[in-house]
Amino acid sequence: LFADVEVAPAIEVFALTAKYNEDTFAEKVNLGVGAYRTDDGKPWVLPVVRNAESQMAADLTLNHEYLPVAGLPAYREAAIRLLLGDGHPVVVENKVEGIQTLGGTGALRLAAEFLKQMLKKDVVYVSNPTWGNHRGIFKAAGYSQIKEYRYWDAANRSLDLKGMLEDLKNSPDNSVVILHTCAHNPTGTDPTEDQWKQIIDVCQERKMFLLMDCAYQGFASGDLDKDAFAVRYIASRGIEFFVAQSFSKNFGLYNERTGNLSIITNSPDVKLRVRTQCELIVRKMWSNPSNHGARVVATVLNNPALYDEWKQQVLIMANRIKLMRQLLYEKLRSLGTPGTWEHVIKQIGMFSFTGLSLRQVENMMNKHHIYLLKEGRINMCALTTKNVEYVANAIHDSVIS
Ligand code: PMP
């Protein structure tokens, strides 16, 4: 029966972790998977999350009944408030809906399905490069064309705004475009506020449907409001759009699959129509979402003291990443590693797009036991004050050998 089923290609980031786990070398480093680590190289359960979890465990009124298809209302409302800010006109005017999803991935997949089924979308634009799963999600949802817009200027290690605008201008009518709200994965390079205005002008001119991917709110600048600039700006222009939100990184709730699809519309009536259609799609995909992560996020965001505590802890993560950027940069400079390394401190968010070639990446893995994506992306959070020198020496060796 299964004779013709071939072994599927490995999922790079998970295969890397498996290889890393098998490696017995004492100084091995996993710079692959995008997850925060403390300076001891350990996963971090945010203290505010532990706090919310203790409150939840003590609350005997909570139970394991099914959540509504669209998820926990207190969570969806809080997620929208975090995204758009308190008192944003679209929220006050009751034009925004949220559907709780299985992580940011679930939000993207739900968006892809809705846009295909209801608006007959068939073409999606993703940045080159982008998070690997964007293409897969839209392919799985049956899109006939997954197209790229230029984003990364490899020579100057910066945003290729001209190329990006050109490609968006040449898009077929009514395409969907995925834009990273902040802390672009993998390049760590975001448009400036002025560049956002130019990008949205072109998208509007071409009647593109904006799907904002917001997986790193707080990780770019350490300031949750600042990181939501693009979303708030688009909403202020009266555009109807979607935001795929993930709390995997900023709450450290990776395996709780805590996401939200925020739906910004022009009227409460449209909001209702879109939400109910999304519910039918959800019913067929995961029926209804899980409770734990959403309840943690709702508990924190809806309590001013916990919310303040959380903001401090997001800042701790953002600042540790900045420090690692600085240390890596300084070590490479002091080693005299050929090439410019300013991009390591200029880039923002969880990742650095190092510019290492495939040969250099292989040298890092095979000779130095340092695991990173083939495209040269490294997770800055996996660097620590203890391993940064080892990693810098390995980069130096890989560049000169
Ligand atoms: N979008 C981007 C850009 C991401 O980097 C990620 C996570 N790596 C996601 C979406 C998906 O997030 P989640 O793990 O919550 O599904």
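The values are calculated or read from the model by the stated rules, or taken from the named source; none is laboratory data. Remember, predicted model here, so these are calculated numbers, not experimental data. Counting neighbours? That spans all protein chains shown, and the Cβs are built from the backbone with ideal geometry, glycine included.
Values as computed for the structure displayed
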| item | result |
| --- | --- |
| Those helices (runs of 4 or more DSSP H) lying entirely in the range 39-117 with at least 2 residues within 16 Å of the ligand (Cβ to nearest atom) | 73-84 |
| Any hit, the range 328-343, residues being surrounded by fewer than 21 Cβ atoms within 10 Å (Cβ to Cβ), under 26 Å from Lys19 (Cα atoms) and within 23 Å of the chain's Cα centre (by Cα) | no |
| Residue check for Glu256: surrounded by fewer than 22 Cβ atoms within 10 Å (Cβ to Cβ) and closer than 25 Å to Asp122 by Cβ | no |
| Residue among Tyr20, Tyr36 that alone is within 16 Å of the ligand (Cβ to nearest atom), crowded, with 19+ Cβ neighbours inside 10 Å, touching a residue at least 12 places away in the same chain (Cβ under 8 Å) and of a type outside the set (A, V, I, L, M, F, W, C) | Tyr36 |
| One residue from Phe2, Phe14 being more than 16 Å from the ligand (Cβ to nearest atom) and either surrounded by fewer than 18 Cβ atoms within 10 Å (Cβ to Cβ) or assigned to a loop (DSSP other than H, G, I, E, B) (or both) | Phe2 |
| Failed item in (1) out of contact with any Cys (no Cβ under 9 Å at 6 or more places or on another chain); (2) in a strand (DSSP E or B); (3) more than 14 Å from the ligand (Cβ to nearest atom), with Ile263 passing the rest | (1) |
| Exclusive hit being in contact with a Ser or Thr (Cβ under 8 Å, 6 or more places away or on another chain) and outside any helix (DSSP H, G or I), set Ile395, Ile348 | Ile348 |
| Scan of the range 135-147 for residues that are surrounded by 15 or more Cβ atoms within 10 Å (Cβ to Cβ) and assigned to a strand (DSSP E or B), ordered by number | Ile146, Lys147 |
| Flag if Ala52 is surrounded by fewer than 18 Cβ atoms within 10 Å (Cβ to Cβ) and either at positive phi or not assigned by TED's automatic domain parsing to the domain that holds Tyr233 (or both) | no |
| Check on Gly132, touching a residue at least 24 places away in the same chain (Cβ under 8 Å), within 16 Å of the ligand (Cβ to nearest atom), within 23 Å of the chain's Cα centre (by Cα) and crowded, with 19+ Cβ neighbours inside 10 Å | no |
| Matching entry among Leu356, Leu373 (being closer than 15 Å to Arg157 by Cα, in contact with a Leu (Cβ under 8 Å, 6 or more places away or on another chain) and either in contact (Cβ under 8 Å) with a residue 40 or more places away in the chain or outside any helix (DSSP H, G or I) (or both)) | Leu356 |
| Residues located in the range 1-17, provided they are free of Cβ contacts under 8 Å to residues at least 24 places away in the same chain and not charged (D, E, K, R) | Leu1, Phe2, Ala3, Val5, Val7, Ala8, Pro9, Ala10, Ile11, Phe14, Ala15 |
| Number of the exception - Ala244 against (1) assigned to a strand (DSSP E or B); (2) more than 10 Å from the ligand (Cβ to nearest atom); (3) among the hydrophobic types (A, V, I, L, M, F, W, C) | (2) |
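Conditions tested, residue by residue: (1) in a loop (DSSP other than H, G, I, E, B); (2) within 15 Å of the ligand (Cβ to nearest atom).
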residue: Gly163; (1), (2): no, no
residue: Glu166; (1), (2): no, no
residue: Ser171; (1), (2): yes, no
residue: Gly188; (1), (2): yes, yes
residue: Asp194; (1), (2): no, no
residue: Asp201; (1), (2): no, no
residue: Leu211; (1), (2): no, yes
